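One structure, as structure tokens, below. Some questions next.
The values are calculated or read from the model by the stated rules, or taken from the named source; none is laboratory data. Predicted, not measured: the structure shown is a model, and the values here were computed from it. Heads up, the Cβs are rebuilt from the backbone with ideal geometry, glycines too, and the neighbour counts pull from every protein chain shown.
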Amino acid sequence: MFERASPDGAGGTAGRVGVVLGSQDATPLEFWVGAEEGQTVELDDLVVCAARAPDGETVRFYGVVDVVRKRYEGAQFDGDAFRVEAGMLPAEVSYAAHVHVTRIDPERFLPPHPGAPVRIAAGPDLEHALYFDRMPARLPIGLTRGGDPLYANLEFLDGTRGAHASISGVSGVATKTTYAMFLLYALFHSGVLAADAANTRAVVINVKGEDLLWLDHPNAKLSATDRALYEAIGLPVAPFQDVGIYAPARPGSAAVVPHTGSRHVGVRPYLWTLREFARDRLLPFCFAEADDARSQIGYAVERVTGYLADLAQRGSADDPGLDGGGRPLRTLDDVAQHLEQSGQLGELISSPPTREAFLRRLHAACARMGHLVRGTEAPDRWAIRWDRHRVTVVDIHTLHSVGQMFVVGVLLKRMMAHKEQQGSARPLVFVVLDELNKYAPREGWSPIKDVVLDIAERGRSLGISLFGAQQTASEVAPRVQANAALKVVGRLDAAEAEHSEYGFLTPVARRRAAFLQPGAMIVTQPEIPSPLLVRFPFPAWATRVSEVPAGTAAGRDPFARF
Ligand SMILES: Nc1ncnc2c1ncn2[C@@H]1O[C@H](COP(=O)(O)OP(=O)(O)OP(=O)(O)O)[C@@H](O)[C@H]1O
Ligand SMILES: [Mg+2]
């Protein structure tokens, strides 16, 4: 028989909140705790209890509270509550908590003994409960409700044993983008990367507003409470260091200037030369609408891409433009005209309807993203050099969806090619990509989805880890979600939470997710058999111009005088 023993195996009562109940089944994987008079047990509390086996070995059960309930002891009828309240019926209140066991140490799958004292896990017990003691390198991911730091095993993010994080939740309250950036901040500022820190790179795609264009500035509005939270997590309060910011070249402007709204200083414009567009076969990335690939257009695009690659072989490699048979080609429009007027298109695509459809899409691409491909600028001058800075922000929020797809597709494709060529998983690259449902939707095929799937599946061995965010994981290609080691949800729509993509949440966690407030997430990682509630502070970096400290160069509005 299993006997009760105090949690520390000795007899202390510190942190004791109650005892294992005997009126409900106590099993190795779950049990109920009766709260003691004057004690409170809340959802997400981490607890520990111990029992001594007949052979004298002490076995500890660590777990997380996932249900708490009160009821009148012995009350049978709904009306009893009224009678007790009126003093007509004596009754005791029973306050109990359900514990989802996260770890048994040593691993002896025996039930804890009813009556065994249970206490809040703190210090080394907390580390044990959540396997922190087994993590060779631990990344801080936030705080428990009680204010203790929580960690993730870096080995599941840096490719050693796994990679990628997937963050889901409703728009505006789930704090998905902020949490992705918080994870990145913790990676770079907690010291967890050790010797890898100097060479590790991050590429952040800014898809919405200018939120992420300020992350190299401190947040002047950060409250003292939030500062204290950073301290509790063991992180400094600082902006991101060594940041490069890129924005698309402004359309309609012959001079190459960045297309941004509030930030002008320290932003580099980016574009591709027409020659590299042709040479590197980038045309398919302009045709990223989901069903293009299925139709005849796919074949047409392939033919024209091949033809352009041939054109790029001609003329000087230093010429950013192309030679269209004696006529210089400088823009995508020039290319479209050349294809039509030279009769090449007819030779490449024999079917007139397919030709028409191809041209329609090519003209649309010219109008929507033609300014990103120019045959007038020196090669490499305006390229996105994501290896130059520790963090590179690539803004795409001003672009039409076609342009956004193009930039993301080409950037990721090149990154994969670069890493393949390098042939080693180090230096690591972390990519933050929002709206993953757009780039890797559940249905259909596109060259961009192909790259994202490739990263999800092979990125781990190449040292590329994707921090993806989406409002609904159910709309993202299942292979992307399946390959993410760290799965995170912020506030979730109740119906969305029922999808099988959230199978990593316990039934209780699914319901909890509907109540999460901004700054609270539920995180699951491979080694911990229970989703954890995590709190994280407001960004220590500015997320809008009003948070940039006054007088900073980038914060100054150049048009303020007017
Ligand atoms: N730790 C925090 N605590 C409370 N509020 C926060 C915290 N971090 C960010 N917020 C607030 O939540 C808002 C939404 O955050 P965020 O943009 O990250 O959400 P999102 O899930 O990415 O939304 P969307 O789907 O619209 O992109 C931010 O504007 C910010 O004011
Ligand atoms: Mg977002």
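Scan segment 67-105 residue by residue and report those that are within 29 Å of Leu532 (Cα to Cα) and among the charged types (D, E, K, R).
Result: Arg69, Lys70, Arg71, Arg103, Asp105.
Something else about it: Among the candidates Val207, Val192, single out the residue that is surrounded by fewer than 23 Cβ atoms within 10 Å (Cβ to Cβ), within 16 Å of ligand 2 (Cβ to nearest atom) and either more than 30 Å from Arg60 (Cβ to Cβ) or modelled with pLDDT of 95 or more (or both).
Going through Val207, Val192 in turn, just one is surrounded by fewer than 23 Cβ atoms within 10 Å (Cβ to Cβ), within 16 Å of ligand 2 (Cβ to nearest atom) and either more than 30 Å from Arg60 (Cβ to Cβ) or modelled with pLDDT of 95 or more (or both): Val207.
Conditions tested, residue by residue: (1) at pLDDT below 90; (2) more than 24 Å from His400 (Cα to Cα); (3) crowded, with 21+ Cβ neighbours inside 10 Å; (4) assigned by TED's automatic domain parsing to the domain that holds Pro447.
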site	(1), (2), (3), (4)
Phe285	no, no, yes, no
Gly298	yes, no, no, no
Glu302	no, no, no, no
Tyr307	no, yes, no, no
Ala336	no, no, no, no
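Going by the structure shown, is Ala122 closer than 20 Å to Trp541 by Cα, surrounded by fewer than 22 Cβ atoms within 10 Å (Cβ to Cβ), modelled with pLDDT under 95 and away from ligand 1 (no atom under 16 Å from the Cβ)?
When the stated conditions are applied, Ala122 does not pass them.
Among the numbered criteria (1) buried (at least 23 other Cβ atoms within 10 Å of the Cβ); (2) within 16 Å of ligand 2 (Cβ to nearest atom), which single criterion is violated by Gly172?
Evaluating Gly172 over (1) buried (at least 23 other Cβ atoms within 10 Å of the Cβ); (2) within 16 Å of ligand 2 (Cβ to nearest atom) leaves (1) as the failure.
Might you check whether a residue that is in contact with a helix residue (DSSP H, G or I) (Cβ under 9 Å, 6 or more places away or on another chain), in contact (Cβ under 8 Å) with a residue 40 or more places away in the chain and closer than 19 Å to Glu42 by Cα occurs anywhere in segment 67-90?
yes
Taking segment 400-417 only, how many residues are over 21 Å from Pro478 (Cα atoms) and either part of a loop (DSSP other than H, G, I, E, B) or within 16 Å of ligand 2 (Cβ to nearest atom) (or both)?
So the count comes out to 2.
Quick one: what pairs do we get from segment 531-551, first residue closer than 18 Å to Ala174 by Cα and assigned to a helix (DSSP H, G or I), second among the hydroxyl-bearing types (Ser, Thr, Tyr) and away from ligand 2 (no atom under 16 Å from the Cβ), C-beta under 9 Å, 6+ apart or different chains?
none
The rows are residues; the columns are (1) within 22 Å of Gly298 (Cβ to Cβ); (2) in contact with a Cys (Cβ under 6 Å, 6 or more places away or on another chain); (3) not assigned by TED's automatic domain parsing to the domain that holds Asp216.
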{"site": "Leu329", "(1), (2), (3)": "no, no, yes"}
{"site": "Asp333", "(1), (2), (3)": "no, yes, yes"}
{"site": "Gln341", "(1), (2), (3)": "no, no, yes"}
{"site": "Ile349", "(1), (2), (3)": "yes, no, yes"}
{"site": "Pro352", "(1), (2), (3)": "yes, no, yes"}
{"site": "Arg360", "(1), (2), (3)": "yes, no, yes"}
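What pairs come up if the first residue lies in segment 195-213 and is farther than 14 Å from Met415 by Cβ, the second is in a helix (DSSP H, G or I), and their beta carbons are under 6 Å apart, counting only those six or more places apart or on different chains?
The qualifying pairs are Asn206/Leu212.
Using the structure shown, decide if Glu420 is farther than 25 Å from Ile396 by Cβ and away from ligand 2 (no atom under 16 Å from the Cβ). Let's see the steps before the verdict.
Details: farther than 25 Å from Ile396 by Cβ: no; away from ligand 2 (no atom under 16 Å from the Cβ): yes.
Criteria not met by Glu420.
Taking the stated definitions as given, is Ala220 part of a loop (DSSP other than H, G, I, E, B), more than 24 Å from the chain's Cα centre (by Cα) and either more than 16 Å from ligand 1 (Cβ to nearest atom) or more than 19 Å from Ile141 (Cβ to Cβ) (or both)?
So Ala220 passes the test.
Within segment 474-500, take every residue that is of a type in the set (D, E, K, R) and over 19 Å from Pro529 (Cβ atoms) and give me the one that is surrounded by the most Cβ atoms within 10 Å (Cβ to Cβ).
Only one residue tops the list, namely Arg491.
For segment 104-114, indicate whether the set of residues that are in contact with a strand residue (DSSP E or B) (Cβ under 6 Å, 6 or more places away or on another chain), of a type outside the set (S, T, N, Q) and more than 26 Å from Cys49 (Cα to Cα) is non-empty.
No, segment 104-114 has no match at all.
Now, a different point. If you go through segment 104-113 one residue at a time, do you hit one that is acidic (Asp, Glu), away from ligand 2 (no atom under 16 Å from the Cβ), in a strand (DSSP E or B) and surrounded by fewer than 19 Cβ atoms within 10 Å (Cβ to Cβ)?
yes
With (1) in contact with a Gly (Cβ under 8 Å, 6 or more places away or on another chain); (2) in a strand (DSSP E or B); (3) within 16 Å of ligand 2 (Cβ to nearest atom) as the list, and Ile245 as the residue in question, which single condition is left unmet?
Only one criterion in (1) in contact with a Gly (Cβ under 8 Å, 6 or more places away or on another chain); (2) in a strand (DSSP E or B); (3) within 16 Å of ligand 2 (Cβ to nearest atom) is unmet by Ile245, namely (3).
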